[in-house]
1. For segment 90-115, name all the residues that are hydroxyl-bearing (Ser, Thr, Tyr) and surrounded by fewer than 17 Cβ atoms within 10 Å (Cβ to Cβ).
2. Out of 51, 29, 67, which single residue is outside any strand (DSSP E or B) and of a type in the set (Ser, Thr, Tyr)?
3. Take the residues of segment 1-20 that are in a strand (DSSP E or B) and farther than 15 Å from residue 91 by Cβ: which is nearest to the chain's Cα centre (by Cα)?
4. Out of everything in segment 1-23 that is polar (S, T, N, Q) and open to solvent by 50 Å² or more (accessible area, probe 1.4 Å), what residue ends up being farthest from residue 56 (Cα to Cα)?
5. Residue check, residue 78 against (1) under 19 Å from residue 12 (Cα atoms); (2) assigned to a loop (DSSP other than H, G, I, E, B); (3) open to solvent by 30 Å² or more (accessible area, probe 1.4 Å), all met but one. Which one?
6. If I ask for residues that are within 18 Å of residue 113 (Cβ to Cβ) and part of a strand (DSSP E or B), which ones from segment 32-48 would you list?
7. (1) open to solvent by 20 Å² or more (accessible area, probe 1.4 Å); (2) of a type in the set (Gly, Ala, Ser); (3) closer than 22 Å to residue 10 by Cβ: which one isn't true of residue 71, the others all being true?
Amino acid sequence: VQVVESGGGLVQAGGSLRLSCTASGNIFSTMGWYRQAPGKQRELVATITSSGSTNYADPVKGRFTISRENAKNTMYLQMNSLKPEDTAVYYCNAKTSGSASYSYWGQGTQLTVSS
């Protein structure tokens, strides 16, 4: 299994950016984005199931949109109205289907939002 994120970078506050994550090597049920800022624990950003049900953390509701293309095992995170507090390493997570579910993480991609 391989999970690869892309799309991070440096953006000014109020700007937009889109992250992508491609997972290969299995069939994945729930996929999600998590982030970890310096000195803080990793936290949930948003998740999406294979049927398209989504869940967002309160700090990003109304600003971020998660989506996925099941045929490509690819997930996206469209981030608008970015704030300096969104600065973090963003990680993709992919969980396999079935009674024995496994969770896989990408290597992370850095987002820096300047004020």
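1. 97, 99, 101, 102, 103, 112, 114, 115
2. 51
3. Among them, the one singled out is 18.
4. Checked segment 1-23; the qualifying residue farthest from residue 56 (Cα to Cα) is 2.
5. Among (1) under 19 Å from residue 12 (Cα atoms); (2) assigned to a loop (DSSP other than H, G, I, E, B); (3) open to solvent by 30 Å² or more (accessible area, probe 1.4 Å), residue 78 violates only (2).
6. Answer for segment 32-48, where residues must be within 18 Å of residue 113 (Cβ to Cβ) and part of a strand (DSSP E or B): 33, 34, 35, 36, 43, 45, 46.
7. Only one criterion is unmet by residue 71, namely (3).
This table checks each residue for (1) over 24 Å from residue 15 (Cβ atoms); (2) more than 11 Å from the chain's Cα centre (by Cα); (3) surrounded by 15 or more Cβ atoms within 10 Å (Cβ to Cβ).
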{"position": "31", "(1), (2), (3)": "yes, no, yes"}
{"position": "38", "(1), (2), (3)": "no, yes, no"}
{"position": "82", "(1), (2), (3)": "no, yes, yes"}
{"position": "88", "(1), (2), (3)": "no, yes, yes"}
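The values are calculated or read from the model by the stated rules, or taken from the named source; none is laboratory data. Small disclaimer: the values here were computed from a predicted structure and weren't measured. Positions of Cβ are generated from backbone atoms using ideal geometry, with glycine treated the same way; all protein chains shown enter the neighbour counts. Calculation scope for accessible area: heavy atoms of the full protein, side chains included, ligands and nucleic acids excluded. Shrake-Rupley method; radii C 1.70, N 1.55, O 1.52, S 1.80 Å.
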